[in-house]
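Quick notes on the structure that follows.
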Amino acid sequence: MLEIDIAADTELGQQAKVAVEQYLRQHGEESYRSSDDWPIARSQISGLRQIAMNEPRQVAAFAEHQRKKAEAKLETTTKEERRSELEAEIAFWDLIKGLCDGKQPRVPWSLTQARDQALPAELQEEKQPPGAKLTKEQQEARKQKREERERWLRQWESEHYPVFFQRFCAHYLYEMARRTQSEKSDKGD
């Protein structure tokens with residue numbers, strides 16, 4: 001667990017913060033009247049966090065589903081202001097999908113890239129030459145290694161996805177609350 005705590009406070013936490021700040025630079029405003037004006041609603045952030053905690057392998061599928069819903073709304077929307085809100089929502093869900101399984105050079109960092117870098121050498125898949133014939137023992141050893149790799153990958157994802165998205169969601173909510181005027185004036189009373 002110490003490894004996860006360290007990752008949460010270093011690489012994962014830093015990458016989460018960078019992702020939120022880049023998204024808000026492109027799709028956020030410096031100030032909002034209320035939390036209803038935020039690009040992504042608090043309930044969607046809560047849903048993202050819950051999926052990451054309970055079903056980490058489903059985060060990318062959840063993001064894709066949310067993106068498709070936003071795209072469907074965008075196709076039928078004619079108001080320019082609403083269109084830009086939906087485009088920001090689509091960009092957010094694209095970001096989440098990229099953070100899960102994006103590949104370089106398009107996506108400079110993703111959980112999949114971090115996971116693959118952390119994969120122990122003894123579990124990495126060995127490429128077989130075309131037409132290679134394996135003995136029964138070699139086939140069984142490959143199968144066992146594949147099963148061990150899959151267990152390791154599931155374990156890594158179940159530990160790292162919740163930590164990363166906890167930091168990501170917390171930073172998003174912090175930044176949005178900081179930018180919301182009515183919530184600032186409510187606290188000043």
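Read the figures in this text as sums done on the coordinates, not as results from a lab. Computed from a prediction, not measured in an experiment: that's the story for all the values here. So basically every Cβ, Gly included, is an ideal-geometry build from the backbone, and we count neighbours across all protein chains shown.
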Cα extents of the chain along the principal axes, largest first, in whole Å, come to 73, 42, 28
The stretch 43-120, dipole about Cα centre (Lys/Arg Cβ +1, Asp/Glu Cβ -1), debye to the nearest 20: 160 debye
Residue-averaged 222 nm ellipticity for the chain, from DSSP H runs of 4+ at -39500 (n - 2.57), nearest 500: -24500 deg cm²/dmol
Once the mean of 1/r over all distinct C-alpha pairs in the stretch 15-106 is inverted, the Kirkwood radius in Å reads 14.0 Å
The FRET efficiency for SER84 and GLN14, from their Cβ-Cβ distance with R0 = 30 Å and rounded to 0.05, is 0.55
Under 17 Å between C-alpha atoms is the cut-off here; go through the stretch 42-189 and count lysine pairs that meet it, provided they're at least eight residues apart or on different chains. 6
So, with +1 on the Cβ of K and R and -1 on the Cβ of D and E, and no other charges, what is the size of the charge dipole of the chain about its Cα centre, to the nearest 20 debye? 540 debye
Taking amide H positions as placed in the peptide plane 1.01 Å from N, state which residues far from TYR32 in sequence (5 or more) or on other chains have amide H under 5 Å from it. THR180, GLN181
Could you sort 90-103, 143-156, 18-31 so that the peptide with the highest average Cβ count within 10 Å comes first and the rest follow in order? 90-103, 18-31, 143-156
